[in-house]
Amino acid sequence: MPALTRWFLRSALVYLVVSLCLGVLVVMPSTSGVAALVPVSIHLFMVGWVTQTIFGVAYWMFPRLAGGKPHGSERLGVLTYVALNAGLMARAVAEPMLSLRAGGPWAVLLVLSGALQWLGAVVFVVNTWPRVKVR
Amino acid sequence: MPTLSVWFIRASLVALVLGYTVGLLMLNLKAWTRTGLMALLLTPHVDLLLVGWTMQLTMGVAFWILPRFEGGRSRGAAAFAWIALVLLNAGVLLVGGGSLVRSDGARLAGRLMETTAAVAFGLHAWRRIKPASTGTAA
């Protein structure tokens, strides 16, 4: 298993636990004011756990390329990992904060978080596309 | 990787980028304007990423790696899986497009297509879910 896959999968496991803990928090009667955490918990689960697991396993298991880079560009793989996780963590902070104080730096951070996650997905597709081939 | 899996997986990658693009647009709306447009984009966003990306990628990989028949030469009733590919993608387009133009008929047709795609894929995959000793794993 490549080192990058280990990073993807271990991070995904952390997101799984954190997202489910947030899921507990948002249904506790004493914390009903944390409704802003609902989209965060959903995205930590779907992006942090599901999508990140797929990215890690695809990087590892998809058909290899001929030549010296069987997994495609490792640099693009690392960029995917960094952009996706930086974006997700920025969102986890910005979205609840924006519900407390509209506009300003939290709005900028929220947009930036979306752009980073988008970048991570696009770079993953660019790096993975040549490996999706008839063998 | 068989041709059908290539189609499933490449279509899922396209849906991933489209779904994240819609998500980026939604975060922009949430950050600055908070208009009703966000609600309009929610269904296409969710459908692209749950059905177009996750479900479709799963089908593509399953068609590729589930145990085969005839000593590894056959994947069984592939026609059902091709039907699933077509219906799933048509369904995602109809649900997304129908949501954008507020057409309940298009959304309903799209959801029915997605459901039929799931049934078709189930009909294909059912017999391939078997002990490895009775066939060859891909």
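Quick one: dipole size for region A:30-135, taken about the Cα centre, charges +1 on Lys/Arg Cβ and -1 on Asp/Glu Cβ, in debye to the nearest 20. Intermediate results must be reported in sequence, preceding the final value.
On the way: 8 positive and 2 negative charges, 92 e Å.
So the dipole magnitude of region A:30-135 works out to roughly 440 debye.
Compute the angle between helix B:104-125 and the longest alpha-carbon principal axis of chain B, please, reported from 0 to 90 degrees and rounded to the nearest 10.
The angle comes out at about 20 degrees.
So what is the calculated 222 nm ellipticity per residue for chain A, using -39500 (n - 2.57) for each DSSP H run with n of 4 or more, over all residues, to the nearest 500 deg cm²/dmol? All intermediate terms of the calculation are to be shown ahead of the outcome.
On the way: 5 runs with 94 residues, N = 135.
That calculation yields -23500 deg cm²/dmol at 222 nm.
Compute the angle between helix A:104-128 and the longest alpha-carbon principal axis of chain A, please, reported from 0 to 90 degrees and rounded to the nearest 10.
Around 20 degrees separate the two axes.
Projecting each Cα onto the charge dipole of region B:49-138 (Lys/Arg +1, Asp/Glu -1 at the beta carbon, about the Cα centre), which of B:His124, B:Phe69, B:Leu57 comes out farthest on the positive side?
Toward the positive end, the furthest listed residue is B:Phe69.
How far is helix A:74-100 tilted off the main Cα axis of chain A, in degrees rounded to 10, range 0 to 90?
10
If you take the square roots of the eigenvalues of the alpha-carbon gyration tensor of chain B and sort them as a ≥ b ≥ c, do you get rounded (a/c under 1.5), prolate (a/b over b/c) or oblate? Working shown, then result.
Working: a/c = 3.60, a/b = 2.28, b/c = 1.58.
Prolate, since a/c reaches 1.5 and a/b exceeds b/c.
Positive end of the dipole of chain A, charges at C-beta (+1 Lys, Arg; -1 Asp, Glu), about the Cα centre: which of A:Pro130, A:Val108, A:Phe55 has its Cα farthest in that direction?
Working it through, the farthest residue towards the positive pole turns out to be A:Pro130.
Rounded if a/c is under 1.5, else prolate if a/b beats b/c, else oblate: with a ≥ b ≥ c from the C-alpha gyration tensor eigenvalues square-rooted, which is region A:13-133?
Values: a/c = 4.08, a/b = 1.96, b/c = 2.08.
Judged from the Cα gyration tensor, region A:13-133 comes out oblate (a/c at least 1.5, b/c at or above a/b).
Enumerate by residue number the trypsin sites (Lys or Arg not before Pro) in region A:1-105 meeting two conditions: DSSP loop (anything except H, G, I, E, B), and at most 16 other Cβ atoms within 10 Å of the site's Cβ.
Details: sites: A:Arg6, A:Arg10, A:Arg64, A:Arg75, A:Arg91, A:Arg101; in loops: A:Arg64, A:Arg101.
Listed in order of number, the matching sites are A:Arg64, A:Arg101.
Can you compute 3J(HN,Hα) from phi for each residue in region A:14-22, using the Karplus curve 6.51 cos²θ - 1.76 cosθ + 1.60 with θ = phi - 60°, rounded to whole Hz and x for Gly and Pro?
Each residue's phi maps through the Karplus curve to give 5, 4, 4, 5, 5, 5, 6, 4, 5 Hz.
Which value, in debye to the nearest 20, gives the size of the charge dipole of the protein assembly as shown about its Cα centre, when Lys and Arg are +1 and Asp and Glu are -1 at the Cβ? Mind dumping the intermediate values first?
Working: 22 positive and 6 negative charges, 138 e Å.
Value, rounded to 20: 660 debye.
Is there a quick way to get the dipole size of chain B? I mean about its Cα centre, with the Cβ of Lys and Arg at +1 and of Asp and Glu at -1; what is the value in debye to the nearest 20?
Numbers: 12 positive and 4 negative charges, 41 e Å.
Around 200 debye, computed over chain B.
Read-outs throughout are calculated quantities, based only on the coordinates presented, and are distinct from any laboratory measurement. Not measured: the values here are computed from a predicted model. With ideal geometry, Cβ positions are generated from the backbone for all residues, glycine too; neighbour counts draw on all protein chains shown.
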